[in-house]
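Structure, as structure tokens:
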Amino acid sequence: MYEEYPKEVIDKIKELGLYGKDLREIMLISVNACTEMIRDAGVAPTKFKRDIEALQTNQIHLIYKMDKLK
């Protein structure tokens, strides 16, 4: 899956614990990371928080679309 990537990229993927995971698993990890960032941003509506919420929403929509294609 990662054969064509440079060694540095593969090493980083392994370091992040993503090596060997399929796209859906990676998306879920990312959605969970967004949830943590939103929680850590506090309750004030900041641009950063809105951007992370938009990213999370887009990722969730992509997961639903991937599931429908199965």
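The values are calculated or read from the model by the stated rules, or taken from the named source; none is laboratory data. None of these values were measured; they are calculated from a predicted model. Using ideal geometry, Cβ is built from the backbone for each residue, glycine included, and neighbour counts are taken over all protein chains shown. Quick note on the areas: whole protein, heavy atoms, side chains included, nothing else; ligands and nucleic acids left out. Shrake-Rupley method; radii C 1.70, N 1.55, O 1.52, S 1.80 Å.
Quick rundown of the values:
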item: Å² per residue, accessible surface of the chain at 1.4 Å; result: 79 Å²
item: Those GluC sites (Glu not before Pro) in the chain that DSSP places in a loop and that have at most 15 other beta carbons within 10 Å; result: GLU3, GLU4
item: Heavy-atom accessible surface of the chain: percent carbon and sulfur, 1.4 Å; result: 61 percent
item: Tilt relative to the chain, helix 23-40 - C-alpha long axis, 0 to 90 degrees, to 10; result: 30 degrees
item: The chain shape via C-alpha gyration tensor axes, a/c threshold 1.5; result: oblate
item: Rounded to 10°, Cα long-axis angle of helix 47-69 versus longest principal axis of the chain; result: 50 degrees
item: Solvent-accessible area of VAL31 with every protein chain in place, 1.4 Å probe, in Å² to the nearest 10; result: 20 Å²
item: Lysines whose Cα lies under 22 Å from that of LYS7, excluding same-chain neighbours fewer than 8 positions away; result: LYS21
